């Protein structure tokens, strides 16, 4: 029997028992669809996290102050404000940090903004003008903090788009006065939307910026900095620049052991690597769980094929009686099993892509990514399952005695 006849005969046999064929393929369809959808959605989420981290700026090194204590209880990182102007001056020196091109100190605390009965609870950051370039901030309206604003401690404020919409829905906030505590601030700008970073832990749109001197003099008191954000000259020197920053701060603060430091240093590369590792592991875990259904589907196919062998015993006997070889019977049943898994796999791929599109676009709103690796892997696994779980029924069918098969009722 040539290959063309083998395919035709196998398709004819599957079509005769169409309902059973569909049920046999159902486990494969569900398994493949689940693997495609979960892996693709996971890659979309990973892509969004990477994009949002990169939206913070490029080649960033972030130094956060240590933990403040209330009694014996440590508060969150950055609450101690252990960084000061001496640290900033030292880090700005090219002799100390030759691979750092910009240094942006920040004071930040949560606070409430009020405008004519509207209010918004948000993160208030005291910054210098360099923060705009370091954090890659684009203005939607108005302007950012300037050097004169910092020098004169002016009560001006730049709003994130989320805060702007909460306080000034469908209206232009430029020139309006908002209240923080007992101080009135004039709105001078609104930033472009950048979204959240770190899986939503840091929403850049839901924050405001004021001159760092104004924050110290009018809002938070003359305290140290909660964060110092630095920009390395290129991505290739991130690790070297991070070491320069660490060594400089240790020297300025008189520390010989980094474990004694009351500050924390991370860089963009480390953050991305950590988040990508977490999301990648989570995606593979979900894909592995979905892949279990492929094994279940393969067992279902083997069971159905064994039943088919029993039901078609007389057919097998007749074919052998008129000259069919054991190999012909073996190949036919094996091809039937592979056809079921391949057809089921192709249908599963289509359904998986559709589910990925719906979930990514309308539910969790991440980039719609079709994982070509997942598709190739799924189809390969489908064929493999057809071979593995089809070989035993096919072998059993090929070993039937024609005389005993013709006697079978």
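Worth pointing out:
- Each listed q (0.22 Å⁻¹) maps to a log10 I(q)/I(0) for the range 147-238 from the Debye sum over equal C-alpha point scatterers, namely -1.20.
- Taking the average, over residues, of other Cβ atoms within 10 Å as the packing measure, peptides 177-185, 351-359, 28-36, 40-48 rank 28-36, 40-48, 351-359, 177-185 from highest down.
- Computed over the range 197-260, the quotient of the alpha carbon radius of gyration and 2.2 N^0.38 Å is 1.48.
- Where only C-alpha atoms are counted, convex hull volume of the range 272-409 per residue in Å³: 113
- Here the range 179-314 is treated as an ellipsoid with the same Cα gyration tensor; its semi-axes, largest first and in whole Å, are 56, 25, 13.
- log10 of Debye I(q)/I(0), alpha-carbon scatterers only, for the chain at 0.07, 0.08, 0.13 Å⁻¹: -0.54, -0.62, -1.05
- Between helix 238-252 and the chain: long-axis angle, C-alpha atoms, 0 to 90°, nearest 10: 40
- Size descriptor for the range 270-345, Kirkwood hydrodynamic radius: 15.7 Å (Cα pairs only, one decimal).
- The chain: relative contact order in percent, alpha carbon pairs under 8 Å with at least 6 residues between: 29
- Shown is the FRET efficiency for residue 174 and residue 259, computed with R0 = 35 Å from the Cβ-Cβ distance and rounded to the nearest 0.05: 0.15.
- Applying the Kirkwood pairwise sum to the alpha-carbon positions of the range 81-261 produces a hydrodynamic radius of 17.2 angstrom.
- Helix-only mean residue ellipticity at 222 nm for the chain, each DSSP H run of n ≥ 4 adding -39500 (n - 2.57), per residue, nearest 500: -17500 deg cm²/dmol
- Comparing 152, 136, 205 in a Gaussian network model of the chain where C-alpha atoms under 10 Å apart are linked, the largest mean-square fluctuation is found at 152.
- For the chain, the longest principal axis of the C-alpha atoms and the axis of helix 18-55 are separated by about 20°.
- Alpha-carbon centroid distance for the pair the range 330-409 / the range 258-304, whole angstrom: 25
- Theoretical FRET efficiency, 1/(1+(r/R0)^6), r = Cβ-Cβ of residue 282 and residue 114, R0 35 Å, to 0.05: 0.30
- Simple label model, 7 Å out from Cα along Cβ direction - residue 22 to residue 139, nm: 6.4
- Between 0 and 90°, nearest 10: helix 372-398 axis offset from the chain longest Cα axis: 20
- The orientation-averaged shadow of the Cα convex hull for the range 84-182, equal to a quarter of the hull surface, comes to 7.5 nm².
- Cα centroid of the range 91-125 to Cα centroid of the range 12-68, whole Å: 36
- Residues considered: 84, 59, 95. Largest GNM mean-square fluctuation over the chain, using C-alpha springs under 10 Å, is found at 95.
- Protection proxy ranking of 122-128, 364-370, 379-385 - average other beta-carbon atoms within 10 Å, highest first: 122-128, 379-385, 364-370
- Taking 0.36 nm per residue of sequence separation and removing the Cα-Cα distance, the residue 388/residue 217 pair yields an extension gain of 54.1 nm.
- The range 370-394 residues near the modelled residue 327 label - backbone nitrogen below 19 Å, point 7 Å along Cα→Cβ: 391-392, 394
We did not get these values from a lab; they are worked out from the coordinates using the rules stated. Here the structure is a predicted model, which is why all the values come from computation and not from measurement. Backbone-built Cβ (ideal geometry, glycine too); neighbour counts: all protein chains shown.
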